Amino acid sequence: PSAALTLLCSSAAAAVVVWKWLGKRQIQKKMEVARRTRDEGVKKMAKAVQQFKEQVSSVQMDAILSLSLLELTGKLQEGSLSPKTVLYTYLEKALEVTQQTNCLRHFIPECEEQLQEIQRQREKGLLYGTPVSIKDHIGHKGHLLTCGLVQCLDTPVQEDSVLVKVLKKQGAIPFAMTNVPQSLFNYDCGNPIFGQTLNPFNHQKSPGGSSGGEGALIAGGGSILGIGSDVGGSIRLPSSFCGLCGLKPTAERLSVCHTYLLHVGVCSHPTPVPCALGPMARDVDSLALCMKALLCQEMFQLDPTVPPIPFDEEVYSSSAPLRVGYYDTDGYFLLPPCIRRAVSEVRGALQAAGHELVPFSPPRIHYVMTELFLKTFFADGGRAWLDVFTGGIVDPGLKPQVNCCKIPRLGKKLLALILKPLQLLLLLKLKNTATISTCRSVKEMWNHHHQIEVYRTEFITRWRELQLDVVLCPVLGPAFTTGYPGKLLTAISSTMLYNVLNFPAGVVPVSTVTEADEEELKLHRGFCDDPWDWTLKQAVAGAVGLPVAVQCVALPWREELCLRLMKEVETLSHEK
C-alpha cells in the first residue's frame, strides 16, 4: 500500500508539472500568434505604401510631414492636398518610426475603408482627412484591446468606441494602435507580448507611459494627432518625456464608452479617481482643434453621460491677463533641477508678459499620494490587479510592484515591525506600495471615497481664496532610462494629484536639458537623500538635449482655460 501511495503521489505531482507546462506553452503560443499577426500587418502595410510611393514624389511627402495640424487640415479642406496622399505619407513615416522605437501594436487596415467613407460624406468634418493614432485600449471594431495582457488576446471588439465614432464622423482616419505597458499601470512602455517601446530621441530612454506608444510615434513624426488616456499621468508623462503637448481633460468631458479601462484591475467599475481620454500632439493648437472636433453633437448623442458643453473658442482665444498660481515642488518628491529651472523661467516669462503670478502650495501631498491615490487602486491589497497576470507572465518593469502586492498582509505588518528600529518605516509608508493600507470593509471604502471629496473641496477652497484662474507647476521629467519607472512608482505625485482632483491638466515642452542641468543633478539630494532620491538621479542621468516640460492646470470643466495657459506658455517659450 505504501508503494502504491508513493506511486500515486508521484503521478499526481508529475501531472501537475505537465499541466503547468502545457498551460505556459499555450500562453507562449498565444503571444507568438499575436506578434506574428502584428508583423504580417506591418509587412502588408509596407507593401501598400511602396506601391503608393511609386505614384507620388518624396518631396511632396516631406512637405506634408512639415505641416502643423492646422495647416494640414486647412489644405485638406480646400482640396490642395488629398486625404490619400496624407494618409500614405504618415503610414510610411509610422513604419519608419516603429522600426526604430517599436511604438506600434497594430496598423488598422480599415483605414482604407474610412478613406473611401469620408469622400462620401456630405460635409467635411473639422478633422477631414487627418490620420489619427489611438492607444491600444481604445476600442476599434475588429481589433483587440490587449493592455499588454495575454488574457486579452482572444476577442476582438465588436463596435467602435464612441470616441472613435466621433473621430470618424469628423473625417479623421484612425490608422494605427499604439503600444502600452502591461496592465497600463506603469509609466514605462513595455509588455511581454509586443516588447519595449523606446524614446525616439534616445533609445536608452523610455517614452513614458502608459500612452508611451503614442508619445514615441508622434514625437518621431509618424502621427500628427493621437488619443491617449490618463489615470495617474499617462498622457502627461509621455508628453513630458517625448517633448509633446498633451491634455488630460476632466474625466467626463470626453466619452470613455467602449474603452477597456483596465488600470490595476479597475475595469469599468466605478472609481473615485477616474480615467480620462485626451489628445496628444506637437503643439497646443492641435489639442484645441481636436477638443473642438470631439465636443460635438455626435459625442453628446452617442454618450448621454457626457455633458453637452461645446468647446468655448472665446475663452481659448482670449488675450486677457491671467492670475496664475505657481509652485516648483509639491513637497513630496523633489524633481530634478532642470524641471525646477523650467518652472522658474516660465514664471518669469509669464510675469513679463503681463500676467499676475501668485505663489501656491498644494496641501497634504503625502496624504494624497498614499491615502487617496494609491489606496484607490490597491484597496484590496492589489489582489484584483494580480489576477490579470495570466500564467504569471509579468513584465520586468512591473515586478517591483507585483512582488510588493504578493506579500501577505501579516508579512507586511511584520516587515514594518522589523524595519521600525531602523528608522525606515516612514520611508516605506511614503514611497513604497508594500505598506499601503487597504479598505477592509465596504464602510471603509465609502469613507475613502468621502475623504477624496473632502480633499477636493479643501483644494478648491484654497484655489478660490487666492482667486486663481490657472496654476503653473512641474511635471516629472526628463525621460527616464528604460526600466526605471517601475522602481519609482510614487515619483508621479506631480501628475497624480490632478487625477485625484479630476482637474484638467496639460503639459507643454519649454526647454531641453543642458550641460549645466546635468552638473547640478550630481548635487541633487532630494528631500530625504534616500534610495528613491538616488534612483531618481540614476533614472534621469544622461539626458542632455532631451525635452523639459511644465504642467498647466485649471478647475474642472475649464479645459479651454487650461489650453489658453498652455498656448501662452508655448508662445513665450518659442519667443525665448
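The values are calculated or read from the model by the stated rules, or taken from the named source; none is laboratory data. None of these values were measured; they are calculated from a predicted model. Virtual Cβ from ideal backbone geometry, glycine too; neighbours counted across all protein chains shown. SASA here: full protein model, heavy atoms, side chains in, ligands and nucleic acids out. Shrake-Rupley method; radii C 1.70, N 1.55, O 1.52, S 1.80 Å.
When VAL284, VAL442 are compared by accessible surface with a 1.4 Å probe, the order from highest to lowest is VAL442, VAL284. Sorting HIS524, HIS203, HIS449 by accessible area puts them as HIS203, HIS449, HIS524; the probe is 1.4 Å, largest comes first, and only protein heavy atoms count.
Calculated [222 nm] ellipticity per residue, helices only, for the chain: -14000 deg cm²/dmol; basis is -39500 (n - 2.57) per DSSP H run with n ≥ 4, divided by all residues, nearest 500. Computed with a 1.4 Å probe on the full set of protein chains, the accessible area for TRP557 sits at about 90 Å². Taking θ as phi - 60° and the Karplus parameters 6.51, -1.76 and 1.60, the scalar couplings of the range 543-552 work out to 10, 4, x, 7, x, 10, 10, 10, 10, 10 Hz in sequence order, x denoting glycine and proline. Under a 5 Å amide H cut-off, with hydrogens placed 1.01 Å from N, ASP283 pairs with CYS245 among residues at least 5 apart or on other chains. When +1 charges are put on Lys and Arg Cβ atoms and -1 charges on Asp and Glu Cβ atoms, the dipole computed for the chain relative to its Cα centre reaches about 1980 debye. Among the trypsin sites (Lys or Arg not before Pro) in the range 450-547, those located in a DSSP loop and surrounded by at most 12 other Cβ atoms within 10 Å of their own Cβ are LYS522, ARG525. Its Kirkwood hydrodynamic radius, worked out from the mean inverse distance over all distinct Cα pairs, puts the chain at 24.5 Å. Here the Karplus curve 6.51 cos²θ - 1.76 cosθ + 1.60, taken at θ = phi - 60°, turns the phi angles of the range 466-474 into couplings of 8, 6, 7, 8, 8, 10, 10, 7, x Hz, with x standing for Gly and Pro.
For LEU254, the amide hydrogen comes within under 5 Å of the amide hydrogens of LEU277, counting only partners 5 or more places away or on other chains and with H modelled in the peptide plane. Remark on VAL358: its backbone amide H falls under 5 Å from those of VAL324, GLY325, TYR326, a criterion applied only to residues 5 or more positions apart or on other chains, H modelled at 1.01 Å from N. For the set GLU71, GLU117, GLU465, the ranking by accessible area, highest first and with no ligand, DNA or RNA atoms included, is GLU465, GLU71, GLU117 under a 1.4 Å probe.
Residue-wise HN-Hα couplings along the range 530-537, as the Karplus relation 6.51 cos²θ - 1.76 cosθ + 1.60 with θ = phi - 60° gives them from phi, are 10, x, 6, 5, 5, 5, 4, 4 Hz; Gly and Pro carry x.
Determine the share of the range 31-311's accessible area contributed by carbon and sulfur atoms, expressed in whole percent, with a 1.4 angstrom probe. Can you show the working numbers first?
Details: 4680 of 9340 Å².
With neighbouring chains kept in place, the figure for the range 31-311 is 50 percent.
Taking all protein chains into account, the per residue accessible area for the range 31-311 stands at 33 Å² (1.4 Å probe).
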